[in-house]
Amino acid sequence: MILVAIGSNLNSKSYGSPEQNCRVAIDMLGKYFEVSKFSNFYKTEPIPKSEQPWFVNCIVNIKSKNSPSMVLDTLLKIESQFGRKRNRKNEARIIDLDLVAYNSLIVKSLKLTLPHPRMHLRKFVIKPLCDINENWIHPIFKKKASEILKELANQKISNINKK
């Protein structure tokens, strides 16, 4: 499974609400990859907590023969098409596309770390991942997504709609 986390907490001039930004991002992913599944959409508070708007988040399972690095380059290209500028860490954003897992690969480089180093700490990643496959196994911790989700019970998240 190649998993891409999608998030947005700002309106865009081109696409509208954060939820619509996420839906358009899924459509754009479909131009480069086969989108095999996507999760429900969730509203989540920013991490770390701040005064910025809450996020809309989801997870997409894609299929690709491209390397993880090439997939990441495509995600950055799509973010650029949305007008995403990376000025500060954890800032509000029109769109955020994170490659969180690529099959069971473990990668540590300057450009890319897989699985995403904080995915197991973020309910806004794990809850949507459970929508797709609650039996997915974290390649480092050897825990199912459903087990990790139980450990994140204190984080706030709400399902805003069905697919």
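Brief remarks follow.
- Answer residue from the range 38-51, given it is open to solvent by less than 40 Å² (accessible area, probe 1.4 Å) and assigned to a strand (DSSP E or B) and is nearest to residue 9 (Cα to Cα) among those: 44
- Considered as a group, the residues in the range 145-159 that are more than 14 Å from residue 115 (Cβ to Cβ) and in contact with a Phe, Trp or Tyr (Cβ under 7 Å, 6 or more places away or on another chain) include one that is most open to solvent (accessible area, probe 1.4 Å), and that residue is 159.
- Residue check, residue 59 under 23 Å from residue 136 (Cβ atoms), of a type in the set (Val, Ile, Thr) and open to solvent by less than 70 Å² (accessible area, probe 1.4 Å): yes
- Against the test of being assigned to a helix (DSSP H, G or I) and either open to solvent by 20 Å² or more (accessible area, probe 1.4 Å) or under 22 Å from residue 52 (Cβ atoms) (or both), the options 77, 142, 85, 111 yield a single qualifying residue, 77.
- For residue 68: the one exception among (1) at pLDDT below 90; (2) open to solvent by less than 70 Å² (accessible area, probe 1.4 Å): (1)
- Flag if residue 94 is among the β-branched types (Val, Ile, Thr), over 24 Å from residue 156 (Cβ atoms) and outside any helix (DSSP H, G or I): no
- The set of residues in the range 1-37 being polar (S, T, N, Q) and open to solvent by less than 30 Å² (accessible area, probe 1.4 Å) consists of 8, 9, 12, 21.
- Looking only at residues in the range 88-108 that are free of Cβ contacts under 8 Å to residues at least 60 places away in the same chain and polar (S, T, N, Q), the one that is surrounded by the most Cβ atoms within 10 Å (Cβ to Cβ) is 104.
- Whichever residue in the range 114-130 is in contact with a strand residue (DSSP E or B) (Cβ under 7 Å, 6 or more places away or on another chain) and not in a loop (DSSP other than H, G, I, E, B) and, among such residues, is most open to solvent (accessible area, probe 1.4 Å): 127
- Residues satisfying the stated conditions in the range 52-74, i.e. assigned to a loop (DSSP other than H, G, I, E, B) and either aromatic (Phe, Trp, Tyr) or under 12 Å from residue 9 (Cα atoms) (or both): 52, 53, 54
- Qualifying residue in the range 11-27 (condition: assigned to a strand (DSSP E or B), touching a residue at least 60 places away in the same chain (Cβ under 8 Å) and not aromatic (Phe, Trp, Tyr)): yes
The values are calculated or read from the model by the stated rules, or taken from the named source; none is laboratory data. Here the structure is a predicted model, which means the values were calculated and not measured. Backbone-built Cβ (ideal geometry, glycine too); neighbour counts: all protein chains shown. For accessibility, only protein heavy atoms count, side chains too; no ligands or nucleic acids. Shrake-Rupley method; radii C 1.70, N 1.55, O 1.52, S 1.80 Å.
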